[in-house]
1. Assign unit charges at the C-beta atoms only (+1 for Lys and Arg, -1 for Asp and Glu), then state the dipole size of the chain relative to its Cα centre in Debye, rounded to the nearest 20.
2. Can you give me the convex hull volume of the Cα atoms of the chain, divided per residue and expressed in Å³?
3. Label region 100-158 by shape, choosing from rounded, prolate and oblate, from the square roots a ≥ b ≥ c of the eigenvalues of the Cα gyration tensor; if a/c is under 1.5 it is rounded, and otherwise prolate applies when a/b is larger than b/c, oblate when it is not.
4. Region 131-178: D in µm²/s via Stokes-Einstein (Kirkwood Rh, Cα pairs, 4 °C, 1.567 mPa s)?
5. Return a single number: how many Lys pairs in region 44-114, at a sequence separation of 8 or more or on separate chains, have alpha-carbon atoms below 13 angstrom apart.
6. Put +1 on the Cβ of every Lys and Arg and -1 on every Asp and Glu Cβ in the chain; which of G158, M19, S77 then has its Cα farthest towards the positive end of the dipole?
7. Modelling each spin label as a point 7 Å along the Cα-to-Cβ direction, I'd like the N52/T6 distance in nm, to one decimal.
8. Assuming a viscosity of 1.567 mPa s and a temperature of 4 °C, what translational diffusion coefficient in µm² per second does Stokes-Einstein assign to region 1-70, Rh being the Kirkwood radius over Cα pairs?
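Read-outs throughout are calculated quantities, based only on the coordinates presented, and are distinct from any laboratory measurement. For clarity, every value in this text was computed on a predicted model and none was experimentally measured. Cβ coordinates were reconstructed from backbone atoms using ideal geometry, including for glycine residues, and neighbour counts include every protein chain displayed.
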Amino acid sequence: GTNTLTNINAVTANATTFMEGLAAADFETDNKQYFTVTDVNLSNAFPLKNGNTDKKISVCLWFRLESLGRRYLWCKSDETKTSLTLYVEGGSGMGGKYYVFLRKGYNNGLSYEQTWLTTLPLSAGQWYHLAATYDDTTKTYRIRVYDQAADVASERTGSFANSIAVTKADVRIGASPV
């Protein structure tokens with residue numbers, strides 16, 4: 001596999017508001033815009049590729065929310081099965097605040113465990129750097145979010161009870177409809 005991203009629903013480049021490189025992808029949630037790589041097109045060395053025994057992964061990305069709500073950032077999931085998902089969630093059930101969540105699937109991806117970074121509520125219009133790791137050997141995770149405007153970072157570490165489910169789901173970046 002080549003790990004080549006496919007653009008779904010016309011993700012555009014924002015060359016005005018970005019953190020690194022020449023532009024940032026501008027994902028519109030209402031249009032369900034995202035990039036994807038099918039599991040079969042992932043390189044054999046890609047962590048969490050179906051059939052690969054490497055169950056250690058690190059994901060790093062910059063993100064900026066145009067508005068608050070459930071927002072998928074990165075996942076290896078489909079509509080029914082989850083391997084690993086990083087997303088933003090919150091609202092009235094969380095005191096009106098929004099946080100970064102890490103969801104890890106088990107039981108062939110049909111069940112999941114999750115955690116979230118409760119020490120750094122997110123705001124619309126600000127840049128954040130997210131770094132997340134998971135190691136299935138020890139079932140440990142680390143989530144770190146850096147708030148660029150406030151120049152502060154917050155981190156959460158811990159472990160899950162179950163081993164990760166490695167499924168044939170696609171890798172998706174952006175406002176995926178998962």
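1. That gives the chain a dipole magnitude of about 440 debye.
2. Values: hull volume 21.1 nm³, N = 178.
Spelled out: Cα convex hull of the chain, divided by residues, is 119 Å³.
3. prolate
4. 98
5. Details: K49/K76; K55/K76; K55/K104; K56/K104; K76/K104; K81/K104.
Final tally of qualifying lysine pairs is 6.
6. The one lying farthest along the dipole's positive direction is G158.
7. 1.8
8. Here the translational diffusion coefficient equals 91 µm²/s.
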